[in-house]
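Trainee: Before anything else, here's the structure in question.
Where a number appears in this text, it was derived from the coordinates with a stated rule and is not lab data. Bear in mind the structure is a predicted one, so any value in this text is a computation, not a measurement. With ideal geometry, Cβ positions are generated from the backbone for all residues, glycine too; neighbour counts draw on all protein chains shown.
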Amino acid sequence: MTLSPQEKAIILESIRDIPDFPKPGIVFKDITTLLNKPVAFRTLMEHLEARYRSYDLDFVAGIDARGFIFGAALADRLGVGFVPVRKKGKLPYTTVSEKYSLEYGFDEVEIHIDAFGENGQCNGTPAKVLLIDDLIATGGTAKAAVNLIDKVGAECVEACFVMELDFLKGRETISAPVYSVLQID
Ligand code: AMP
């Protein structure tokens, strides 16, 4: 279930660094170069499938937008439902929303009120949800997404990221257990 150093290297080396995007001082981790390399993408997805096979999940929830790609692929492998956590104003049905702060101002994420079933329940107990995104930086987005899962009555059993920017200590802000495939310092 743990990745070998070679497998880790295949995934890490497939991700491209773009300096000063979207603004000066940010090194953007570009996962499009992972997605277009079948061996790297499959190595990652096989690892995530092996890790979460035993979690008895009801849903995988992916964060807008790159979390949709990994989340939907993983949900399909595990045979569970996929739920998108979207930026404000994109979902058509009744939503629950959560604001979070950015460097300047606020952003907001939403899910459908019935995304995990009525009152977030599966067979009378809170639905077990895995949250996934490509990267955790400050943790603000993922924290808001975990709060949304709680708000509708479901349970976030783990928050999973392909990459974790260790030095920002984002995991400390998340109330659920956190797992990252690659740690970047
Ligand atoms: P945060 O809320 O600070 O943890 O930021 C996480 C969100 O912003 C994720 O949805 C990431 O896709 C995106 N993000 C933040 N920093 C980067 C980065 N350096 N490279 C790529 N995506 C990033």
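Trainee: Restricting to region 65-80, name every residue that is in contact with a strand residue (DSSP E or B) (Cβ under 6 Å, 6 or more places away or on another chain) and surrounded by fewer than 18 Cβ atoms within 10 Å (Cβ to Cβ).
Mentor: Ala72
Trainee: Go through (1) buried (at least 19 other Cβ atoms within 10 Å of the Cβ); (2) of a type outside the set (Ser, Thr, Tyr); (3) over 17 Å from Tyr52 (Cβ atoms) one by one and return the number of the condition Cys160 breaks.
Mentor: In the conditions (1) buried (at least 19 other Cβ atoms within 10 Å of the Cβ); (2) of a type outside the set (Ser, Thr, Tyr); (3) over 17 Å from Tyr52 (Cβ atoms), Cys160 misses (3) alone.
Trainee: Applying the selection to region 155-177, what residues are on the phi < 0 side of the Ramachandran plot, within 11 Å of the ligand (Cβ to nearest atom) and outside any helix (DSSP H, G or I)?
Mentor: Scanning region 155-177 gives Ala159, Phe161, Val162, Met163, Glu164, Leu165, Ile174.
Trainee: Take Tyr104 and decide whether it is assigned to a strand (DSSP E or B) and either more than 15 Å from the ligand (Cβ to nearest atom) or not hydrophobic (A, V, I, L, M, F, W, C) (or both).
Mentor: On the way: assigned to a strand (DSSP E or B): no; either more than 15 Å from the ligand (Cβ to nearest atom) or not hydrophobic (A, V, I, L, M, F, W, C) (or both): yes.
Here the answer is no, as Tyr104 does not meet what is asked.
Trainee: So, one more: Could you pull out every one of the helices (runs of 4 or more DSSP H) wholly within region 1-98 that has 2 or more residues that are touching a residue at least 12 places away in the same chain (Cβ under 8 Å), more than 16 Å from the ligand (Cβ to nearest atom) and of a type outside the set (A, V, I, L, M)? Lay out the reasoning, then the answer.
Mentor: Values: elements: 5-14, 32-35, 38-52, 66-78.
Those helices (runs of 4 or more DSSP H) span 5-14, 38-52.
Trainee: Do you know which residues across region 107-138 are part of a strand (DSSP E or B) and of a type in the set (A, V, I, L, M, F, W, C)? First the steps, then the outcome.
Mentor: Taking region 107-138 first, the residues part of a strand (DSSP E or B) are 107-112, 121-122, 125-126, 128-136.
Hits for region 107-138 are Val109, Ile111, Cys122, Val129, Leu130, Leu131, Ile132, Leu135, Ile136.
Trainee: Being under 18 Å from the mean Cα position of the chain (by Cα) and closer than 24 Å to Leu168 by Cβ is the filter here, so list the residues in region 103-128 that pass it.
Mentor: Of the residues in region 103-128, the ones under 18 Å from the mean Cα position of the chain (by Cα) are 107-112, 115-116, 127-128.
Matches in region 103-128: Asp107, Glu108, Val109.
Trainee: Starting from region 122-145, keep only residues that are at positive phi, then list their pairs with residues that are crowded, with 22+ Cβ neighbours inside 10 Å whose Cβ atoms are within a distance under 6 Å, requiring at least 6 positions of separation or different chains.
Mentor: Gly139/Gly170
Trainee: What are the residues in region 10-50 that are touching a strand residue (DSSP E or B) at 6+ places or on another chain (Cβ under 7 Å) and of a type in the set (Val, Ile, Thr), if any?
Mentor: Ile11, Ile15, Ile18, Val27, Ile31, Thr33
Trainee: Only one of Val39, Val27 is more than 22 Å from Ile136 (Cα to Cα) and more than 18 Å from the chain's Cα centre (by Cα); which? Give the steps one after another, and end with the answer.
Mentor: Values: Val27 fails: more than 22 Å from Ile136 (Cα to Cα).
Just one listed residue meets the conditions, Val39.
Trainee: In this structure, does Val152 turn out to be away from the ligand (no atom under 11 Å from the Cβ), among the hydrophobic types (A, V, I, L, M, F, W, C), surrounded by 21 or more Cβ atoms within 10 Å (Cβ to Cβ) and more than 17 Å from the chain's Cα centre (by Cα)?
Mentor: Yes, satisfied.
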